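Comments concern the structure below.
Any read-out appearing in this document is the output of simple, stated calculations on the displayed coordinates, not a laboratory observation. Nothing here was measured: the structure is a model prediction, and the numbers come from that model. Cβ placement follows ideal geometry from the backbone for every residue including glycine, while neighbour counts extend to all protein chains displayed.
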């Protein structure tokens, strides 16, 4: 008697693993092509070229890692690579990173994804964790500061919402917040910056439907994953008074749709039974909302999938067996997950505090990030002197500085920020900097009024051309407008 044994993923005989991976690769490349077109038309050829460099770097690293492993194990290199499908992991990982990620960081992340995430477990079909998610986790935790020179990534929708405590209920402020990303339609279509391949939800859904029809992926996973997030965030939106834009935002922002279609559906790392996959997907949805709203990790998708990968053996244990006999228990497990999702929604909705009114400036604190030099780049978007007055050695300037709303936000009624700068001619130092008016995104750009940000200026010598301050994290453009206001005030004083 002859037995045919195959490692997962296992499908019907007429659907080969090779065909599955080939069609999955085509779907991923379609998403990448959209990203290239977006960056080329909105940011310039340099951004598109950098995205291509990242993709090539990841693919080459994956191939070299697989080839080296095969050579060490004395396997046929060509046959090993054909059976291991490293291109899929490399492409998914590239689509998960920000456009300003350095090629070196991505190369290390790819090596980690292939070797630690897959090969160390025995190779394709035997890995416990999603390899691309493993590589992305390494980049996030160890190489978050490894950025490419001259490639700038603006605040993502989720990081911006995180700064606001995950809830906004005032309609005017909701509109202002969404407007910077082109509204909900802009988020859904992908007309904003984010991870390279995660922005166009419409395209990802279309690709996902085609792949599901072609039996490349199980439709239950993305439907129950996204559906669970939709239910929980709808409960939160109704309980807090945020409204129905809130669940729509959670679906359209970040990597939820990408993760649900291309990562959670990985047949190697999720359960084999239909019921098991539904439970797996619902668990991912619950964890995603919890991580987003209760932890300091805005995305949630990456870590929720990795956590559920660990729980896959347990899910298999509870759902394994002849499906006709286990259908009753499986229905109970699914119902239990649904109840848990509702409980999470009610709990999160009762603990999140809406952010509407601005805090007094002296009470605001901000998370600080990248350093900004006070005396470089004086030409672009230069502030204007609105008022100037001297009292003894102290000269006070009132400056009009173009912030995010004017330079990048695309707001119809965009106005510059107003900054007061006091300079001491005797000591050659900055006395103080005060932001009188912020017209950038509420809760994000308005953080430049934070005391810990503005206090950095006091006492700095304006003759020291190497002087720097740390920008407010996720509000770099707004922070730069304040820095430029100081810079132009110093230049005006120098003309006397």
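For the chain, take the longest principal axis of its alpha carbons; what is the angle in degrees between that and the long axis of helix 131-142, to the nearest 10 within 0 to 90? Between helix and principal axis, roughly 30 degrees. The angle separating the long axis of helix 301-319 from the principal Cα axis of greatest extent in the chain is about 20 degrees.
The length gained by stretching the chain between residue 41 and residue 382 to full extension, at 0.36 nm per residue less their Cα-Cα distance, is 120.2 nm. Note on segment 269-316 and segment 195-225: Cα centroid distance 17 Å, given to the nearest whole angstrom. Give me the percent relative contact order of segment 381-489, please, defined on Cα pairs under 8 angstrom at least 6 residues apart. Relative contact order here is 27 percent.
In this simple spin-label approximation, residue 56 and residue 116 carry label points 7 Å from Cα along the Cα→Cβ vector, and these lie 2.8 nm apart.
Stretching residue 339 away from residue 49 to a fully extended chain increases their span by 99.7 nm, per 0.36 nm per residue minus the current alpha-carbon distance.
Peptide packing: for 86-95, 181-190, the average count of neighbouring Cβ atoms within 10 Å per residue gives the ranking 86-95, 181-190, highest mean first. Taken over segment 64-147, the alpha-carbon convex hull comes to 81 cubic angstrom per residue. Residue-normalised convex hull volume from the C-alpha trace of segment 11-128: 104 Å³ per residue. For segment 13-54 versus segment 461-490, the spacing of their alpha-carbon centroids is 38 Å. Let me know the shape class of segment 96-254, please: from the alpha-carbon gyration tensor, a ≥ b ≥ c as square roots of the eigenvalues, rounded when a/c is under 1.5, otherwise prolate if a/b is greater than b/c, or oblate. Note, shape of segment 96-254 comes out oblate. Rg of the Cα atoms in segment 420-496, relative to 2.2 N^0.38 Å, amounts to 1.08. Once the Cα atoms are used to define both axes, helix 86-96 deviates from the longest principal axis of the chain by about 30 degrees. Take the Cβ atoms of residue 244 and residue 185, set R0 to 25 Å, and the FRET efficiency comes out at 0.95. Full extension of the chain between residue 317 and residue 373 gives 14.4 nm of extra length, using 0.36 nm per residue less the Cα-Cα distance. Contact order, relative form, for segment 178-322: 23 percent (alpha carbon pairs under 8 Å, 6 or more residues apart, mean separation divided by residue count). Taking only the alpha-carbon positions of segment 205-319 and ignoring solvent, what does the Debye formula give for the base-10 log of I(q)/I(0) at q = 0.15 Å⁻¹? Normalising to I(0) and taking log10 leaves -0.61.
Volume of the convex hull of the chain (Cα atoms only), normalised per residue: 150 Å³.
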